[in-house]
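K.L.:
Below you'll find the structure I mean.
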Amino acid sequence: MSASAIDIDRIGEDVALLDGIRTTRAIRRLRPDPVPRELIRKVCACGTFAPSGGNRQPWLFIAVTEPERRAFVAERYRAAFHAYIEPARRAAQAPDFPEARRRNLRAALHLADHLHEAPVHLFVAGWTRRGEPQLQALFPAIQNILLACRAVGLGASLTTIHRAHGREIDAWLGLPEGCPTCALIPIGWPRGKYGTPPRRSVDACLCFERFDPERGSGSGGRTLA
Ligand SMILES: Cc1cc2nc3c(=O)[nH]c(=O)nc-3n(C[C@H](O)[C@H](O)[C@H](O)COP(=O)(O)O)c2cc1C
């Protein structure tokens, strides 16, 4: 979509909140077409409406858009992701490996191999407090950004694998000590469509008053691996 064809003020404003929540999912196949800076500003502005302890608003957003800078990020992401995913990749060769997980794996691999093509690498960083990252505030901000991307028609996904090269990337971004990145959100116009992601039924994870093994056993009653 060309920048001039977009009404930044109006785009996304008509998406019903609950429907938007239910149809926000990881969109990892992205077109290389540029995204207007004003639209990046709009989705980040939604991030700033997240809750934070003491309303300290510790977040900082850095949008990397220059191709050679994206290539720098993508090279590190790809190496870290392939190392991380190797066991799952091997497991996925088993015939009884669930098809939904296989699809998810394929999409994650596609992102790792095509990250340099994603027109925006949005890093979310945050000021630490008493030496600890304030992730409790950063992840709500990230979710707001993902929802805002859904509303305006951008594809996006939450990733953290770049943290394997975290210190190097944080320094390369020029971030000061005490403000590390926690997530990288690749953003672009989606190649596919939004849709309802596969999820366990709420009935498998909602109990009232106290844990009920009959209802709260959606993960097989075990700690998730
Ligand atoms: C904290 C966190 C870190 C994640 N890191 C990555 C990542 O580095 N790379 C990736 O491809 N997916 C990552 N994911 C998973 C996806 O963002 C996504 O949530 C998951 O695949 C479910 O996709 P769906 O919403 O389309 O069903 C991460 C998810 C969370 C919550």
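The values are calculated or read from the model by the stated rules, or taken from the named source; none is laboratory data. Quantities reported herein were computed from a predicted structural model and do not represent experimental measurements. Please note: Cβ atoms are built from the backbone with ideal geometry, for glycine as well, and neighbour counts cover all protein chains shown.
K.L.:
Does Gly192 satisfy the condition of being touching a residue at least 40 places away in the same chain (Cβ under 8 Å), assigned to a loop (DSSP other than H, G, I, E, B) and either surrounded by fewer than 21 Cβ atoms within 10 Å (Cβ to Cβ) or in contact with a strand residue (DSSP E or B) (Cβ under 6 Å, 6 or more places away or on another chain) (or both)? I'd like the intermediate steps shown before the answer.
P.N.:
Numbers: touching a residue at least 40 places away in the same chain (Cβ under 8 Å): yes; assigned to a loop (DSSP other than H, G, I, E, B): yes; either surrounded by fewer than 21 Cβ atoms within 10 Å (Cβ to Cβ) or in contact with a strand residue (DSSP E or B) (Cβ under 6 Å, 6 or more places away or on another chain) (or both): yes.
Considered against the rule, which asks whether it is touching a residue at least 40 places away in the same chain (Cβ under 8 Å), assigned to a loop (DSSP other than H, G, I, E, B) and either surrounded by fewer than 21 Cβ atoms within 10 Å (Cβ to Cβ) or in contact with a strand residue (DSSP E or B) (Cβ under 6 Å, 6 or more places away or on another chain) (or both), Gly192 comes out as yes.
K.L.:
Looking at Thr48, is it under 26 Å from Gln136 (Cα atoms) and within 15 Å of the ligand (Cβ to nearest atom)? Spell out how you get there, then give the answer.
P.N.:
Numbers: under 26 Å from Gln136 (Cα atoms): yes; within 15 Å of the ligand (Cβ to nearest atom): no.
Here the answer is no, as Thr48 does not meet what is asked.
K.L.:
Within region 53-70, can one find any residue that is farther than 22 Å from Leu147 by Cα and in contact with a strand residue (DSSP E or B) (Cβ under 6 Å, 6 or more places away or on another chain)?
P.N.:
Checked region 53-70: at least one residue is farther than 22 Å from Leu147 by Cα and in contact with a strand residue (DSSP E or B) (Cβ under 6 Å, 6 or more places away or on another chain).
K.L.:
Quick check: is even one residue across region 127-136 in a helix (DSSP H, G or I) and assigned by TED's automatic domain parsing to the domain that holds Tyr77? It would help to see each step written out before you state the result.
P.N.:
As a first pass, look at region 127-136 and keep what is in a helix (DSSP H, G or I): 135-136.
If we keep only those that are assigned by TED's automatic domain parsing to the domain that holds Tyr77 as well, we get 135-136.
Yes, region 127-136 has at least one match.
K.L.:
From Ile62, Ile21, Ile40, which residue is part of a helix (DSSP H, G or I), touching a residue at least 40 places away in the same chain (Cβ under 8 Å), within 26 Å of Leu175 (Cβ to Cβ) and among the hydrophobic types (A, V, I, L, M, F, W, C)? Let's see the steps before the verdict.
P.N.:
Details: Ile62 fails: part of a helix (DSSP H, G or I); Ile21 fails: within 26 Å of Leu175 (Cβ to Cβ).
Sole residue among the options that is part of a helix (DSSP H, G or I), touching a residue at least 40 places away in the same chain (Cβ under 8 Å), within 26 Å of Leu175 (Cβ to Cβ) and among the hydrophobic types (A, V, I, L, M, F, W, C): Ile40.
K.L.:
Another question about this same structure. Being in contact (Cβ under 8 Å) with a residue 40 or more places away in the chain and either over 30 Å from Ala5 (Cα atoms) or not acidic (Asp, Glu) (or both) narrows it down to one residue among Pro87, Pro119, Pro95; which is it? Before you say what the answer is, go through the steps one by one.
P.N.:
On the way: Pro87 fails: in contact (Cβ under 8 Å) with a residue 40 or more places away in the chain; Pro95 fails: in contact (Cβ under 8 Å) with a residue 40 or more places away in the chain.
Of Pro87, Pro119, Pro95, the one residue that is in contact (Cβ under 8 Å) with a residue 40 or more places away in the chain and either over 30 Å from Ala5 (Cα atoms) or not acidic (Asp, Glu) (or both) is Pro119.
K.L.:
Filter region 1-58 for residues that are out of contact with any Leu (no Cβ under 6 Å at 6 or more places or on another chain), closer than 30 Å to Arg129 by Cβ and surrounded by 15 or more Cβ atoms within 10 Å (Cβ to Cβ) and give the result.
P.N.:
Ala26, Ile40, Lys42, Val43, Cys44, Cys46, Gly47, Ala50, Ser52, Gln57, Pro58
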